[in-house]
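S.K.: Once you've had a glance at the structure underneath, I'll fire off some questions.
The values are calculated or read from the model by the stated rules, or taken from the named source; none is laboratory data. None of the values given here were measured: they were computed from a predicted structure. Note: ideal-geometry Cβ built from the backbone for every residue, glycine included; neighbour counts use all protein chains shown.
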Protein chains: 2
Amino acid sequence: MARLAIIGADAAGMTAAATARRRDGDLEIVAFERGGRTSFSACGIPYFVAGLVAEAEDLVARSPDEHRANGIDVRTRHEVMSIDLSRRALTVRDLNARQESIEPFDELVIATGATATPPPIPGADATEPARTIDAGERLRDALDLGGHDAVVIGGGYIGLEMAEALAHQGRRVTLVDQAPQLMAGTLDADMAAHVQDAVQGKGIRVLLSVDVEEIELDAAGRPSAVRTSEGTIRADHVIVATGVKPAVDLARDAGLEIGETGALRVDDHQRCVGHDGIYAAGDCVESHHRLLDAAVNIQLGTHANKQGRVAGVNATGGDLAFPGVIGTAISRIGHREIARTGLSEREARDADIDVVASIVQTDTRAAYFPESAAMWVKLVVGAADGRLLGAQIVGAPTAGKRIDTLATAIWAGMTIDDLQWVDLAYAPPMSGVLDPVLIAARAATTTTAARA
Amino acid sequence: MARLAIIGADAAGMTAAATARRRDGDLEIVAFERGGRTSFSACGIPYFVAGLVAEAEDLVARSPDEHRANGIDVRTRHEVMSIDLSRRALTVRDLNARQESIEPFDELVIATGATATPPPIPGADATEPARTIDAGERLRDALDLGGHDAVVIGGGYIGLEMAEALAHQGRRVTLVDQAPQLMAGTLDADMAAHVQDAVQGKGIRVLLSVDVEEIELDAAGRPSAVRTSEGTIRADHVIVATGVKPAVDLARDAGLEIGETGALRVDDHQRCVGHDGIYAAGDCVESHHRLLDAAVNIQLGTHANKQGRVAGVNATGGDLAFPGVIGTAISRIGHREIARTGLSEREARDADIDVVASIVQTDTRAAYFPESAAMWVKLVVGAADGRLLGAQIVGAPTAGKRIDTLATAIWAGMTIDDLQWVDLAYAPPMSGVLDPVLIAARAATTTTAARA
């Protein structure tokens, strides 16, 4: 009987396992997981820390026992120490029994995810990166002990969500970022300004263009302050939300190819390049960016799920391709929704793509409707052909998910001249007579007739 | 100096006027409006009746004086009595001064909208159709006088919104429809069942497959009961929400062509067929349905706005086409959102298009997220080519506007195999790891590989 081994039992690994199980009832499927849980939502951790999600177990989509009931041999607290590609076997350490075994496989799915790497700052090792449930639980325990002052280092999605969570608990929060804007990897500066307004509106102090020089520790080895290029900030809690890297040491040691992004190189069938029967999926792999026509490493549950399915299909004799990504992402900070897709203006410039950008401010609903509030839409358009290449949205509740309409338009290769006419839904509680997407497309049109 | 005349000063007419003004500063633009207001949102009337929108004036996007300040000669309380196409002149009656004048034009935009026509039932004339602000104000005044029992006739969007508004005020509401389901013109029966659940959950009694035989009046000529094929229902208030017809008498009398739908025939430049310089836009015209390749009459502010712009551009020497509609619509009844686009299963069958349909139930957000709640997505897919042809959504807040993603996919001609891979936004407060649109597309895929 053939044997499929999976390394890592979260979104990518367990989607691969479940897909393979559904397609092949006879296959032996074994999944090795270093931690104690399976299929948990790392993206949910900030909400768990904030107390919006009560129990850590709520973040578990499917427990080890549920996977076992589905015919998948899940081994938690089992760490894969090495992969032997020529012998097609893993060396696996049982962390409880403290013993190693050799586990053969016919096909392998590597889904080792990503790990937070503390920045090279004295004291950073003493902070919690909050990438795992265990870390989230430790952080929640530490927060339960009190301490009014918190510093969050890093103004990306995770940093903002953590800052929001801590402010929500009534703490005094300072958010520090090296860049001159928030969400520098995600939004252009003009749109990030609206995020900063919202973050400051929650009472969070934002310090930009600031280098963190040291996390000062007390006698017990716990953080007491953050020393920066702009002075020292008292801190009972320090959250580092920077530098999450694909976890590829195991794969690299086995001789698998690592791309320029630092993630595993795979083809569109999630096959490790040059190695039949060896697949990889999720946060540890490169994805093809359809607009840049280049490899990127984007760590997101939705890609992990899709890629895991592709790996599971192909590992069981199927033929399914993952068609790539366009960099769509969304978040919510308090009542402000933040979303983006495709290329930012800066990304387009960096890729030498000639673009025209425009921003509109509009309302989430009919202007007279009680719940209506402000939102901004930025469109990035190919200067040569008028094709929509990117979009950013910041605004009040219901603003954000409109990014999906724009992502679909980009995916389909639509021009803004096309987009401005699409029959989008109108009713006063849901949008103005022209949806903000249409208003933005119209504002962005560059041909004379369309501009009329 | 050339003169552009507009008949009807709501969405279509005033968008045409404003567009023409922007493009041609010298043109004389005159707009004749029978009522006293301009640019009001008829779609907002149920919310005004419900008290969610406080003042009738809140529904006015732009007042006559604001239009005048923009260089448009708006004449309210002026009714156009006839159009003389050969002499290019209108006979206009000043309803206040009670005198008529002849108004010449070089170009004309007909934007006469739609009128509610009472059903051929004894007593129906005594009810308020609530299509105009004036009628909405009279209705609100009547409701202010008290009266606990209300009957709404017609289970489409407007009927449901009115029923919801009346129930919201604590009244006992009965909704009556001839059809065996709610929203028969909009949703398939399987999806309408979820709407009915929500409506009944608001305490509204729903009577289906019921014929209304008479609206009984009291001595003062006010409704007192509704006699139906299933018995008589006490009613202090009766709202008729059926049979809104394009207002085309004026155009027909002038010799302009009326299509099979009962609306004015126009080409894709909003030109009345065979008449240079005569345009029509909004609720009174036919639109091209891109999927049916047939003319339809869909009365919706968003189409009126777009078509008004097209008319305004072409009336000032431009060349702009309205690319048609695909039947997108949305509404909200209490906390349940209802949306549709493209063809329903029934519409496809009626048009002899071979389709496969599927429904998924899923969550609006990550299942563990506190605000997450149920939603349903139905997809209608071409059996021959796997192209998405239609979609319906019913569900909790944030469910509905996902219809725009599906509308964009239909507009672009995407197959469900394509759609299931689109990079849609994921974060726990906004969707599960796979957005409901992707889950629905995946469930609908019919090829073996894609189904894996």
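S.K.: Can A:D385 be described as within 11 Å of another protein chain (Cβ to nearest Cβ), among the acidic types (D, E) and either more than 29 Å from the chain's Cα centre (by Cα) or closer than 19 Å to B:E337 by Cα (or both)?
M.R.: no
S.K.: A:D350 versus (1) touching a strand residue (DSSP E or B) at 6+ places or on another chain (Cβ under 9 Å); (2) modelled with pLDDT of 95 or more; (3) within 29 Å of A:E161 (Cα to Cα): which is the lone unmet condition?
M.R.: Against the list (1) touching a strand residue (DSSP E or B) at 6+ places or on another chain (Cβ under 9 Å); (2) modelled with pLDDT of 95 or more; (3) within 29 Å of A:E161 (Cα to Cα), A:D350 comes up short only on (1).
S.K.: Could you tell me how many of the residues in the range B:348-367 are under 17 Å from B:V394 (Cβ atoms) and of a type outside the set (V, I, T)?
M.R.: Going through the range B:348-367 one residue at a time, the tally reaches 5.
S.K.: Among the candidates B:I45, B:I110, B:I72, B:I102, which residue alone is under 27 Å from B:G255 (Cα atoms), surrounded by 18 or more Cβ atoms within 10 Å (Cβ to Cβ) and assigned by TED's automatic domain parsing to the domain that holds B:F32? Write out each step before concluding.
M.R.: Numbers: B:I45 fails: under 27 Å from B:G255 (Cα atoms); B:I72 fails: under 27 Å from B:G255 (Cα atoms); B:I102 fails: surrounded by 18 or more Cβ atoms within 10 Å (Cβ to Cβ).
Of B:I45, B:I110, B:I72, B:I102, the one residue that is under 27 Å from B:G255 (Cα atoms), surrounded by 18 or more Cβ atoms within 10 Å (Cβ to Cβ) and assigned by TED's automatic domain parsing to the domain that holds B:F32 is B:I110.
S.K.: Output the number of residues of the range B:392-410 satisfying the condition of being within 7 Å of chain A (Cβ to nearest Cβ), part of a helix (DSSP H, G or I) and among the β-branched types (V, I, T).
M.R.: Matching residues across the range B:392-410 total 3.
S.K.: Sticking with this one: From the set of residues in the range B:116-131 that are of a type in the set (V, I, T) and at pLDDT below 90, which is nearest to B:N305 (Cα to Cα)?
M.R.: That would be B:T117.
S.K.: I'm trying to understand the selection: among the residues of the range B:387-398, which are surrounded by fewer than 24 Cβ atoms within 10 Å (Cβ to Cβ) and not charged (D, E, K, R)?
M.R.: Residues of the range B:387-398 that are surrounded by fewer than 24 Cβ atoms within 10 Å (Cβ to Cβ), as a first pass: B:387, B:396-398.
Answer for the range B:387-398, where residues must be surrounded by fewer than 24 Cβ atoms within 10 Å (Cβ to Cβ) and not charged (D, E, K, R): B:A396, B:P397, B:T398.
S.K.: Suppose the filter is acidic (D, E) and either crowded, with 20+ Cβ neighbours inside 10 Å or under 29 Å from A:R23 (Cβ atoms) (or both); does A:E66 pass it?
M.R.: yes
S.K.: So which residues in the range B:411-443 are within 7 Å of chain A (Cβ to nearest Cβ), in a helix (DSSP H, G or I) and surrounded by fewer than 24 Cβ atoms within 10 Å (Cβ to Cβ)?
M.R.: Scanning the range B:411-443 gives no hits.
S.K.: Being β-branched (V, I, T) and assigned to a loop (DSSP other than H, G, I, E, B) is the filter here, so list the residues in the range B:42-56 that pass it.
M.R.: Answer for the range B:42-56, where residues must be β-branched (V, I, T) and assigned to a loop (DSSP other than H, G, I, E, B): just B:V53.
S.K.: Hey, among B:A280, B:A263, B:A251, which residue is modelled with pLDDT of 95 or more, buried (at least 24 other Cβ atoms within 10 Å of the Cβ), over 20 Å from the mean Cα position of the chain (by Cα) and more than 10 Å from chain A (Cβ to nearest Cβ)?
M.R.: Details: B:A280 fails: over 20 Å from the mean Cα position of the chain (by Cα); B:A263 fails: over 20 Å from the mean Cα position of the chain (by Cα).
So the residue among B:A280, B:A263, B:A251 that is modelled with pLDDT of 95 or more, buried (at least 24 other Cβ atoms within 10 Å of the Cβ), over 20 Å from the mean Cα position of the chain (by Cα) and more than 10 Å from chain A (Cβ to nearest Cβ) is B:A251.
S.K.: Could you list all residues from the range A:284-339 that are among the β-branched types (V, I, T) and within 11 Å of chain B (Cβ to nearest Cβ)?
M.R.: Matches in the range A:284-339: A:I298, A:T302, A:V310, A:V313, A:T316, A:V325, A:I326, A:T328, A:I330, A:I333, A:I338.
S.K.: If I filter the range A:76-99 down to residues being of a type in the set (K, R) and loosely packed, with under 14 Cβ neighbours inside 10 Å, which single residue comes out as nearest to A:I29 (Cα to Cα)?
M.R.: A:R87
S.K.: Mind listing whichever residues of the range A:165-190 are part of a loop (DSSP other than H, G, I, E, B) and among the charged types (D, E, K, R)? I'd like the intermediate steps shown before the answer.
M.R.: Within the range A:165-190, the subset part of a loop (DSSP other than H, G, I, E, B) is A:169-171, A:177-188.
Selection gives A:R171, A:D177, A:D188.
S.K.: Here is a follow-up. Could you pull out the residue among B:A399, B:A391 that is of a type in the set (G, A, S), touching a Pro at 6+ places or on another chain (Cβ under 9 Å), closer than 29 Å to B:G185 by Cβ and modelled with pLDDT of 95 or more?
M.R.: Every option except B:A399 fails the conditions.
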